[in-house]
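Here the structure is laid out as structure tokens; the discussion comes afterwards.
The values are calculated or read from the model by the stated rules, or taken from the named source; none is laboratory data. This one's a predicted model, so the numbers in the text were calculated from it and none came from an experiment. Positions of Cβ are generated from backbone atoms using ideal geometry, with glycine treated the same way; all protein chains shown enter the neighbour counts. Please note that ligands, DNA and RNA were not included when accessible areas were found on the heavy atoms of the full protein model with its side chains. Shrake-Rupley method; radii C 1.70, N 1.55, O 1.52, S 1.80 Å.
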Amino acid sequence: MTPCTTSEPLEDLEFLARSEHRVAVLEALAERPTSRADLRTKTGASASTIGRTLRAFDERNWIRRDGNRYETTQLGAFVAAGLRDLLARLETERALRDSWQFLPEASGFTVEMASRAVVTVAEPDAPYRPVNRFAALLRRTSRFRFVGADVALLEPCKDELRRSIADGMEAEIIDPSAVAGYILSNYREHCSAALESGNLSVSVHDEVPPYGVSLFDDRIAVSCYDPDSGMVRLLIDTDAPEAREWAESTFASYQRDARPLAFGPVVG
């Protein structure tokens, strides 16, 4: 083995990034000892590419050979783990890049909380993707809580929400008074049935955040709105404990100052 003379970490990062096969080979070897033939099968790389890659890894002391198999050294495994983390971070960043502007950073929700999240973005040819993802989460929860300006999110799901509440789902919603009034006046029948079931509680708070926070049984979601169109631009949902703690704290902070909505005009 000839020691590698690379002097800067960025040179090694550039070396890995120049070929997707190098990343795939290193990750495969970090998982288990693997032969050259198996590496070709896993990565789709040619025999010559595999050979060059293994020689370069050997020069860096990232791998060792045992018979006809190769495996990572502790150094190689360390690099592979860091690379996986970096790629996961970049994948999360790319998913959020065009939509993060709709979530104010002062909210306390961090990019780290979204690292394990499902990120659903509205596209020109699929503008309701975030709403559809929200509806899927709604269908599999027994308790639902929400704070925010929810018209763009909950209005398309009004039938789903009514059915879920009628089937026993407990729901607690905190809206601005103007939004609550709009929903109650335009969907009188939906609201009456849900309120009469005893499973729906609606409160009003006139300083709700400009994004939505939803709490389900095992996940939380943040919905971000385009201020120009009013459409849901992005839905981030996750089961990360730190995100759950943030959502619970956020909801509780608004719940403390919210006031019950008068239901008389709806059911009377």
Do we have ARG133 as in contact (Cβ under 8 Å) with a residue 60 or more places away in the chain, of a type outside the set (Phe, Trp, Tyr) and loosely packed, with under 14 Cβ neighbours inside 10 Å here? no
Of (1) hydrophobic (A, V, I, L, M, F, W, C); (2) closer than 30 Å to GLY230 by Cβ; (3) out of contact with any Ser or Thr (no Cβ under 8 Å at 6 or more places or on another chain), ALA56 fails just (2)
Residue list for region 178-209, filter: buried (at least 20 other Cβ atoms within 10 Å of the Cβ) and among the small types (Gly, Ala, Ser): ALA180, ALA194
Residues that are open to solvent by 10 Å² or more (accessible area, probe 1.4 Å), assigned to a strand (DSSP E or B) and in contact with a Lys or Arg (Cβ under 7 Å, 6 or more places away or on another chain), drawn from region 210-237: TYR225
Only residues that are crowded, with 18+ Cβ neighbours inside 10 Å, more than 21 Å from THR120 (Cβ to Cβ) and not acidic (Asp, Glu): list them for region 150-172, please. ARG162, ILE165, MET169, ALA171
Give the residue that is least open to solvent (accessible area, probe 1.4 Å), with candidates limited to residues of region 243-255 that are of a type in the set (Gly, Ala, Ser) and either closer than 18 Å to SER203 by Cα or modelled with pLDDT of 95 or more (or both). ALA247
Inside region 90-118, can you point out the residues that are modelled with pLDDT under 80, in a helix (DSSP H, G or I) and of a type in the set (S, T, N, Q)? GLN101, SER107
What are the residue pairs meeting all of these: first residue in region 168-187, first residue closer than 14 Å to PRO260 by Cβ, second residue assigned to a helix (DSSP H, G or I), Cβ atoms under 6 Å, and 6 or more apart or on different chains? ILE174/TYR254; LEU184/CYS191; LEU184/VAL266
Can you find a residue in region 134-151 that is under 18 Å from LEU96 (Cα atoms) and of a type in the set (Phe, Trp, Tyr)? yes
Any idea which residue in region 150-200 is nearest to ARG133 (Cα to Cα), counting only those that are in contact with a Phe, Trp or Tyr (Cβ under 7 Å, 6 or more places away or on another chain) and small (Gly, Ala, Ser)? ALA152
Residue under question is ARG32, and the condition is that it be of a type in the set (Lys, Arg) and open to solvent by 50 Å² or more (accessible area, probe 1.4 Å); does it hold? yes
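The rows are residues; the columns are (1) in contact with a strand residue (DSSP E or B) (Cβ under 6 Å, 6 or more places away or on another chain); (2) at pLDDT below 95.
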site: PRO210; (1), (2): no, yes
site: ARG219; (1), (2): yes, no
site: ASP226; (1), (2): yes, yes
site: GLY230; (1), (2): no, yes
site: LEU235; (1), (2): yes, yes
site: PRO241; (1), (2): no, yes
site: ASP257; (1), (2): no, yes
site: PHE263; (1), (2): no, yes
site: GLY268; (1), (2): no, yes
One residue from ARG64, ARG97, ARG116 being surrounded by fewer than 19 Cβ atoms within 10 Å (Cβ to Cβ), over 30 Å from CYS157 (Cα atoms) and among the basic types (Lys, Arg): ARG64
Looking at SER142, is it among the hydroxyl-bearing types (Ser, Thr, Tyr), modelled with pLDDT of 90 or more and open to solvent by less than 10 Å² (accessible area, probe 1.4 Å)? no
Here are the criteria: (1) touching a Cys at 6+ places or on another chain (Cβ under 9 Å); (2) modelled with pLDDT under 90. Tell me which single one GLU123 does not satisfy. (1)
